[in-house]
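Inspection log for the structure reproduced underneath, given as structure tokens.
The values are calculated or read from the model by the stated rules, or taken from the named source; none is laboratory data. Computed from a predicted model, the values in this text were never measured in an experiment. A quick note on method: Cβ atoms are made from the backbone with ideal geometry, for glycine too, and the neighbour counts reach across all protein chains shown. What goes into the accessible areas is simple: the full protein's heavy atoms, side chains included, and nothing from ligands, DNA or RNA. Shrake-Rupley method; radii C 1.70, N 1.55, O 1.52, S 1.80 Å.
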Amino acid sequence: MNEYYFRTSDLAVGYNGQTLIRDIEIKVKRGEILTLIGPNGSGKSTILKSITKHLAVINGDSFIADASVGAMTYKQLSRQLAVVLTERIKGELLTCYDVVAAGRYPYTNALGLLSEEDKKKVHSALERVHASELAEKDFAAISDGQRQRILLARAICQEPEIIVLDEPTSYLDIRHKLELLSILRSMAKENGIAVILSLHEIDLAQKISDKIMCVKGEVIEHFGTPDEIFKEDIIRELYDLQSGSFNIAFGSVELPAPSGTPDIFVIAGGGTGIDTFRRLQKENRPFYAGILYKNDIDSQVARALAAEVVEEEPFMPIGDAAFDRAMKLMEKCSRVICTNPPAGGCAGRLSELTQAARAAGKLE
């Protein structure tokens with residue numbers, strides 16, 4: 001048996017017989033989470049709809065434990081794979097309980113009647129997404145975020161081996177985003193379920209995923225672990241970032257650095273400068289920063305936001321070259337902000353820099 005529980009082979013997807021993306025090779029083991037990222041309209045939803053038989057494939061096939069998805073009946077597929085897509089389902093006259101209960105129908109008899117065991121599983125799924133209080137509410141009358149949780153409960157109720165979700169965090173506030181992703185993580189790791197989803201929030205994708213697929217263009221150019229994918233050049237190219245940058249260390253996007261000639265020098269280090277850097281960026285005040293070690297978290301943000309960053313090699317005493325450069329930049333400025341970084345040990349010369357700023361009457 002192939003080591004990958006779900007995989008594709010020579011898959012091409014598109015609409016009306018026209019190929020949008022070709023040569024798609026997805027490989028997911030039990031217990032792994034694969035996340036598709038990429039710009040709007042790149043084809044993430046098309047891929048997900050194609051591997052779940054909501055769209056006819058142009059070429060190739062998908063396989064669950066080496067069994068062809070293309071050859072499966074919908075009932076056979078629904079016993080192994082659950083789907084949460086972005087399309088609104090018609091829920092007129094249906095309670096939330098009814099919608100979740102639909103996840104049990106692949107296991108019911110010809111009359112579609114739920115057993116007592118099925119009913120227990122419906123209630124358990126509602127509890128798992130913290131939606132028990134919604135059970136008797138009209139599905140059409142609840143909020144978009146609540147609907148997303150109910151649809152996830154329906155998928156859980158199916159007891160699938162694979163769950164596919166298209167932008168499941170849409171419409172959710174931060175609390176429920178984190179809850180939903182935590183549920184998916186525990187389902188994957190505790191129950192050995194393979195999870196395939198698309199996300200717009202690349203910071204969350206970086207944190208939750210075992211594998212990442214970058215979707216843009218006619219072929220998939222990047223597929224790998226988060227460490228392999230979340231590189232500044234890959235993310236910049238994927239989203240065509242013309243301004244701002246993606247901060248790998250923080251998993252977040254930084255806005256562009258302020259334009260103009262700096263009149264402020266920030267003495268920082270040890271994580272003390274980040275709030276100041278971002279405040280100055282919001283105020284559109286260009287600044288210099290230093291002296292920062294290259295492995296300092298302050299340096300990660302300063303490189304994105306400062307006009308120039310004076311840096312030193314990690315774990316080395318601050319040398320004359322870095323100190324002299326910092327002094328020259330500081331002399332150009334009328335203001336010096338010190339964020340009170342740790343100044344002992346290797347960074348002892350930061351105190352000298354601060355004293356020089358105080359003597360010049362520039363220190364705030």
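Once the chain from Tyr74 to Lys282 is taken as fully extended at 0.36 nm per residue, the excess over their C-alpha distance is 69.6 nm.
Tell me, what is the percent relative contact order of segment 201-297, built from C-alpha pairs under 8 Å that lie six or more residues apart?
Working: 117 pairs, mean separation 18.9, N = 97.
Value for segment 201-297: 20 percent.
Length gain on complete extension for the stretch Thr225 to Leu94, per 0.36 nm per residue less the alpha carbon to alpha carbon distance?
On the way: separation 131, 0.36 × 131 = 47.16 nm, distance 4.10 nm.
Difference between extended and current length: 43.1 nm.
Taking label points 7 Å from Cα along the Cα-to-Cβ direction, Arg185 and Leu255 give a separation of 2.9 nm.
Out of the total accessible area of the chain (probe 1.4 Å, heavy atoms of protein only), what percent is carbon and sulfur? Let's see the in-between values first.
Details: 8550 of 17120 Å².
Heavy-atom surface of the chain belonging to carbon and sulfur, 1.4 Å probe: 50 percent.
Rolling a 1.4 Å probe over the heavy atoms of the protein chains gives the chain an accessible area of 47 Å² per residue. Could you work out the relative contact order of segment 267-364? I mean the mean sequence separation of Cα pairs under 8 Å and 6+ apart, divided by the number of residues, in percent. 30 percent. Which of the three applies to segment 131-181, rounded, prolate or oblate, going by the alpha-carbon gyration tensor with a ≥ b ≥ c and a/c under 1.5 meaning rounded? Oblate shape, in that a/c is at least 1.5 and b/c is the bigger or equal ratio. Given +1 at the Cβ of Lys and Arg, -1 at the Cβ of Asp and Glu and no other charges, the dipole of the chain around its Cα centre is 580 debye to the nearest 20. The phi torsions of segment 273-279, fed into the Karplus equation with coefficients 6.51, -1.76 and 1.60 and a -60° offset, translate into couplings of x, 4, 4, 5, 4, 6, 5 Hz, rounded to whole numbers, with Gly and Pro shown as x.
Residue pairs exceeding 30 angstrom between C-alpha atoms, taken from Lys29/Lys75; Lys294/Lys332; Lys27/Lys294; Lys119/Lys211; Lys120/Lys177: Lys27/Lys294; Lys119/Lys211. Under the criterion of Cα pairs below 8 Å and six or more residues apart, the relative contact order for the chain equals 15 percent.
Before rounding to the nearest 500, sum -39500 (n - 2.57) across all DSSP H runs of length at least 4 in the chain and divide by the residue total; then give [θ] at 222 nm in deg cm²/dmol. Provide the component values of the computation, followed by the final result.
Working: 13 runs with 125 residues, N = 364.
Helix contribution divided over all residues of the chain: -10000 deg cm²/dmol.
Model label points for Asn295 and Ser170, set 7 angstrom from Cα along the Cα-to-Cβ axis, are 4.3 nm apart. Inter-label distance, Lys207 to Arg236: 2.5 nm, where each label sits 7 Å from its Cα along the C-beta direction.
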